[in-house]
Amino acid sequence: MGRLENGKWRRDDDVGRHGDDGRWQRPSSSLRERVRREASGVFPPEAGRYDLYVSYACPWAHRTLLVRALKGLEDCIGLVVMDPTLTDQGWRIVGRSDGAGLGTTARYLWEHYVATDAAFTGRVTVPVLWDRNTQRIVNNESADIVQMLDREFDEFARNPDVDLRPEGLVDQIRELNETLYENVNDGVYRCGFARTQDAYRDAFDRLFATLESLDLRLDRQRYLLGERLTEPDVRLFTTMIRFDAVYHGHFKCNDRRLSDFPSLFGWVRDLYQMPGVRETVDFEHIKRHYYASHPHLNPSRIVPAGPNLSYLDWPHGRAEIPSLDGAEPSRPRTVT
């Protein structure tokens, strides 16, 4: 990989930062401007003004792709795709998904970071929300971009009634998001990038205890917070759709597979089969990125041919599940 130091690209083989105990520590995002509907906003919502820079491989970028699809913002927000394999210059820009021009001569994503801040220091990550008018990055934090796409572009959305963060559920969403981030979304990375056995085992145990708890929760309701799709569903989906394909083997998250969690298994198929969602999933990109971009984990860079993921098209039966908040799950479980 690599990073920018005072606006200069530096080769860096370390995938991130680690504490003295060998635990993976994810760097925070630093470009945090917002698109706002207020008249005084520097970045107002406009159709055709913004591009979303993503890798189909990255689960954090995938969140933004999902919300763009669920809201029906494909004609409003452009899409620029990265090459799935990291180069010695970091993410390489392939081009806009619609074949239109980029409006920039940049070949690598780090060039956009420098255009935004000539002295930028830090990791160059996706997703990025890019403003074509000012030729600068608005935001590189997936959580912020998800919320902007969910709320600020409703006048251009085909599905403006989709609301992933309803007011009455904000506290529950915040609490569940924190659990998902610590134990699942970043938890798989804490397993894969751990540098000590203790760090790995702690992340591993937290991951599978949380998956068991989520499976129990989904026993009695269609989505994580009841009868409606919310932001935590989006956050969990992008990890679980990659679980069998890469995290189970590549990141040593191998206690169980997705099919060993019956309710999660059906829930993933439910979301995958929603209109527009499967188009945001590219398993070739996903596998090529993980297996070819982490030579410290896979020195041969051989990309596995499997697994067979045809189960994603099996009937899910989730639409018939009523919301039974507070009720006992339909089958006995033991949560470790």
Which of the residues spanning segment 274-324 are among the charged types (D, E, K, R), surrounded by fewer than 17 Cβ atoms within 10 Å (Cβ to Cβ) and closer than 19 Å to MET240 by Cβ?
-> ARG278, GLU279, GLU284, ASP313
Scanning segment 30-64 for residues that are of a type in the set (D, E, K, R) and under 13 Å from TRP130 (Cα atoms), which turns out surrounded by the most Cβ atoms within 10 Å (Cβ to Cβ)?
-> ASP51
Residues in segment 61-72: is at least one among the β-branched types (Val, Ile, Thr), in contact (Cβ under 8 Å) with a residue 12 or more places away in the chain and not in a strand (DSSP E or B)?
-> yes
If you go through segment 172-231 one residue at a time, how many are charged (D, E, K, R) and assigned to a loop (DSSP other than H, G, I, E, B)?
-> 6
Of the candidates THR105, THR125, the one satisfying the condition of being touching a Pro at 6+ places or on another chain (Cβ under 9 Å) and either surrounded by fewer than 16 Cβ atoms within 10 Å (Cβ to Cβ) or β-branched (Val, Ile, Thr) (or both) is THR125
Residues LEU180, LEU164, LEU216: which one is farther than 22 Å from ALA61 by Cβ and aliphatic (A, V, I, L, M)?
-> LEU216
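Can you find, within segment 251-274, the residue that is nearest to LEU229 (Cα to Cα) among those that are in a loop (DSSP other than H, G, I, E, B) and free of Cβ contacts under 8 Å to residues at least 24 places away in the same chain? Spell out the reasoning first.
Initial filter on segment 251-274 (in a loop (DSSP other than H, G, I, E, B)): 251-257, 261, 273-274.
Then drop every residue that is not free of Cβ contacts under 8 Å to residues at least 24 places away in the same chain, which leaves 254, 257.
Details: ASN254: 28, ARG257: 24 Å.
Going through the qualifying residues, I end up with ARG257.
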Look at TYR291 and say whether it is under 26 Å from THR64 (Cβ atoms), among the aromatic types (Phe, Trp, Tyr) and not assigned by TED's automatic domain parsing to the domain that holds ARG174.
-> yes
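The values are calculated or read from the model by the stated rules, or taken from the named source; none is laboratory data. Predicted, not measured: the structure shown is a model, and the values here were computed from it. A quick note on method: Cβ atoms are made from the backbone with ideal geometry, for glycine too, and the neighbour counts reach across all protein chains shown.
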